Amino acid sequence: MSTAVSTGISTSLRERILAKKKDIKAKSGLRADVLKIPMGKHKFRILPAHPDLGPGGDFWADFGQHYIKDLEDKTKAVYVCVDKTFGRPCGVCHALEAAGRSVTDDREVKAVADSQCKRAEIMLNVLHLNGDKPTVPQILQMTPSTFAKVLDLVEEYDDITDLQKGTDLIITREGSGLNTEYSVQPARTSNPVDASVLSNMTNLQEFILQESEEGARKAINQVNAIVGIIEAADFAPKPAISSRPAASKALPAIDMEVDAPVAKSPSPAPKAAAATAAIDSELDELMAVDEELLATGTDGAAASSKPAAGSASVDDLDALLGELDAL
């Protein structure tokens, strides 16, 4: 009996774990610290486009994200905004718009509003010349209005990213919250940059490719939860928003071009079901750590306070596979 149950419940779970392990390994190459402009005056050198992009490639990339909030103002999911990043219809934006038409409670209204992606941030490869790693390329995130000031200098100083003849920039951040202000000025002197830095740069056009069916589904399910639609933890392909609503809370279905739902296995015995639920819970936690690192992995402090989530997650998934064999 034990063997029959193990065969019945472990196949789909094993496939999900192996798929997640592959996904973590694939994403590990895209992880990089993202630096936000610190308070005070800082000297940066903006680097040219990644060599893989060829001559004339953009040295910047637009990148927008949804931080899906719950009613307690906690971030429950993070997912790329396809509209702000790529200019294509975004399923999460659609879900939030639908939710916005359904909510009336102040906390629900706030959660929906805070989960919107207001704008795309600009990502750049830079050297933080007065930082603690002045020769190591980092990804710098800045607002579009600050980047517009950088582009103004390009018009005046030509190619400020040129390794030999480019221009160092002094960026000053003052104030906080809505009163934060950034100024951008050319440095009085600029030094050539060694060409070896190009091999250590992040390809920004690859960095922003963070779409996944799994991530989109989780984000949309969290949007559903804001208005009281609770989705089961099911990773099988299915429509982005299913019809489990109660009365006026119903949201329209969103077509994300996913495959048709696969047939589910018969319900496992109670003991096996409990084991599967426990392993599913552990898998959800690993996925949350993985997504949080991709979203926040960054200012150094946040990233360094956690162990290497990518490798740890893969090791833990291997352990889960071992647990399956014991079922």
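With a simple spin-label model that places each label point 7 Å from the Cα along the Cα-to-Cβ direction, the separation between TYR67 and ASN191 comes to 3.5 nm. Stokes-Einstein diffusion for the range 126-206 at 25 °C, viscosity 0.890 mPa s, with a Kirkwood radius from C-alpha pairs, works out to 175 µm²/s.
With contacts taken as Cα pairs under 8 Å and at least 6 residues apart, the range 38-178 reaches a relative contact order of 34 percent. Gain on full extension, evaluated as 0.36 nm per residue between GLU211 and ALA148 minus their Cα-Cα distance, stands at 20.0 nm. Net length available on complete extension from LYS110 to THR11 is 31.5 nm, with 0.36 nm assigned per residue and the Cα-Cα distance removed. Placing dummy labels 7 Å off each Cα toward the beta-carbon, the span from VAL136 to GLU181 is 3.4 nm. Measuring nothing but protein heavy atoms, the accessible surface of the range 144-209 at 1.4 Å probe radius is 45 percent carbon and sulfur. A protection proxy built from the mean count of other Cβ atoms within 10 Å ranks the segments 45-56, 187-198, 216-227, 108-119, most packed first, as 216-227, 108-119, 45-56, 187-198. On a per residue basis, the range 176-224 carries 56 Å² of accessible surface, using protein heavy atoms and a 1.4 Å probe. Once you've got the Cα coordinates, tell me which of LYS69/LYS133; LYS41/LYS165; LYS149/LYS218; LYS41/LYS76 are over 31 Å apart. Over 31 Å Cα-Cα: LYS69/LYS133; LYS149/LYS218; LYS41/LYS76.
The values are calculated or read from the model by the stated rules, or taken from the named source; none is laboratory data. Owing to the predicted nature of the structure, the values given are computational and were not obtained by experimental measurement. Cβ atoms come from the backbone with ideal geometry, glycine included; neighbour counts cover every protein chain shown. These accessible areas exclude ligands, DNA and RNA; they are computed on the full protein's heavy atoms, side chains included. Shrake-Rupley method; radii C 1.70, N 1.55, O 1.52, S 1.80 Å.
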